[in-house]
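Undergrad: First the structure, which I've put down as structure tokens, then a few questions once you've had a look.
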Amino acid sequence: MHITIISATNRPGSNTRKVAGYIQNFLKENLPKTDAVDILDLQDLPPEIFSPKSYDEKPKSFEKFANLVLKTDGLLCVVPEYNGGFPGVFKYFIDMLPFPASLQKKPAAFVGVAMGKFGALRAVEQMQAIWGYRHAHLFTEKVLIPAVDKAIDADGKPLDPVVLKLLHSEVNNFVEFARKLMNVAPSV
Ligand SMILES: Cc1cc2nc3c(=O)[nH]c(=O)nc-3n(C[C@H](O)[C@H](O)[C@H](O)COP(=O)(O)O)c2cc1C
């Protein structure tokens, strides 16, 4: 099985990327060695994708990002809160993906991170509505990390043992959810 963690901002040095890195390490330690876990970091998107021409014709450099989403068995999205919502680049990325195959029946879960006290609840719920519209298989157990600058260590690991336990629970249960769906639903 293959899981992809989306780090849903292109801000350099983001806390989102740190949390995504922690989740990847956790999964690498806990999944069977035959399974794979990649990070899709929106910071790595090729600049050409932001040309208005991309709506009609995707640059070749975008193919590997689209293929990663198409082939993966589950998308675990770490989403920060920007101005009371998700980062615009995350929605733009979705708009650039092949339609409808990319999100249709794709197992998906969300983790929210924010400086504020609601831990990106708004951003996660807004994204869940969009992914629901796109017929993703939403896994609704979610972890929200408020005051994230003080809540994680340098490797993105939550410092609060309760939050850490909730994160491990979400990630483990999501993998189980995605594994079950692999056997019943094709990704398109
Ligand atoms: C453009 C921008 C808008 C932001 N708006 C909010 C916000 O509405 N609410 C909030 O709690 N934090 C907000 N923040 C702070 C982020 O939540 C904070 O940077 C946190 O570390 C997660 O974002 P990061 O992954 O970019 O680090 C904003 C940050 C940026 C860069």
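Read the figures in this text as sums done on the coordinates, not as results from a lab. This structure is a prediction, so every number in the text was calculated from the model and none was measured. Every residue, glycine as well, gets a Cβ built from its backbone with ideal geometry; the counts of neighbours run over all protein chains shown.
Undergrad: For the chain, what is the Kirkwood estimate of the hydrodynamic radius, computed as the reciprocal of the mean inverse distance between distinct Cα atoms, to one decimal in Å? Present the calculation step by step, with values, prior to reporting the outcome.
TA: Details: mean 1/r = 0.0605 Å⁻¹.
For the chain, the Kirkwood estimate is 16.5 Å.
Undergrad: Over 24 Å between C-alpha atoms is what I'm after, so list which of Lys105/Lys157; Lys53/Lys105; Lys64/Lys91; Lys18/Lys91; Lys28/Lys157; Lys18/Lys165 land there. Walk me through the intermediate numbers first.
TA: Details: Lys105/Lys157 30 Å; Lys53/Lys105 28 Å; Lys64/Lys91 18 Å; Lys18/Lys91 21 Å; Lys28/Lys157 15 Å; Lys18/Lys165 17 Å.
Too far apart for the 24 Å limit: Lys105/Lys157; Lys53/Lys105.
Undergrad: When the Karplus curve 6.51 cos²θ - 1.76 cosθ + 1.60 is applied with θ = phi - 60°, which whole-Hz ³J(HN,Hα) does each residue of segment 116-132 get, with x for Gly and Pro?
TA: With the stated coefficients, segment 116-132 comes to x, 7, 9, x, 6, 3, 4, 4, 5, 5, 5, 5, 4, 5, 5, 5, x Hz.
Undergrad: Put one equal scatterer on each alpha carbon of segment 123-171, apply the Debye formula with no solvent term, and list log10 I(q)/I(0) at q = 0.22, 0.25 1/Å to two decimals.
TA: Calculated log10 I(q)/I(0) at the listed q: -0.83, -0.92.
Undergrad: By average Cβ neighbour count within 10 Å, what is the ranking of 143-155, 70-82 from highest down? Let's see the in-between values first.
TA: Values: 143-155: 16.0, 70-82: 22.3.
Highest mean packing first, the order is 70-82, 143-155.
Undergrad: Need one number: the % of Cα-Cα pairs in segment 77-188 sitting beyond the 19 Å mark.
TA: Details: 2992 of 6216 pairs.
Here the long-distance tail beyond 19 Å is 48 percent of all Cα pairs in segment 77-188.
Undergrad: Roughly how big is segment 2-182's charge dipole about its Cα centre, with Cβ charges of +1 (Lys, Arg) and -1 (Asp, Glu), in debye to the nearest 20? Don't skip to the answer; put the middle values down first.
TA: Numbers: 22 positive and 20 negative charges, 38 e Å.
Rounded to the nearest 20 debye, it is 180 debye.
Undergrad: Right, another one. Using R₀ = 22 Å, calculate the FRET efficiency as 1/(1 + (r/R₀)^6) where r is the Cβ-Cβ separation of His135 and Lys71; round to 0.05. If you can, show how the numbers build up before the last one.
TA: On the way: r = 18 Å, r/R0 = 0.82.
The calculated FRET efficiency here is 0.75.
Undergrad: For Val111, what residues show an amide H to amide H distance below 5 Å, using hydrogens built from the backbone and excluding near sequence neighbours?
TA: Cys77, Val78, Val79
Undergrad: Near Val163, within a Cβ-to-Cβ distance under 11 Å, what is the net charge of the other residues, with Lys and Arg +1 and Asp and Glu -1? Spell out each step's value before the answer.
TA: Details: positive: Lys157, Lys165; negative: Asp160, Glu170.
Spelling it out: positives minus negatives among the neighbours equals 0.
Undergrad: Can you tell me the relative contact order of segment 1-154? Whole percent, Cα pairs under 8 Å, sequence separation 6 or more. Write out the running numbers ahead of the final one.
TA: Numbers: 276 pairs, mean separation 37.8, N = 154.
Relative contact order here is 25 percent.
Undergrad: Relative contact order for segment 54-128: what is it in percent, counting Cα pairs under 8 Å that are at least 6 residues apart?
TA: Numbers: 82 pairs, mean separation 30.2, N = 75.
Normalised by residue count, the contact order of segment 54-128 is 40 percent.
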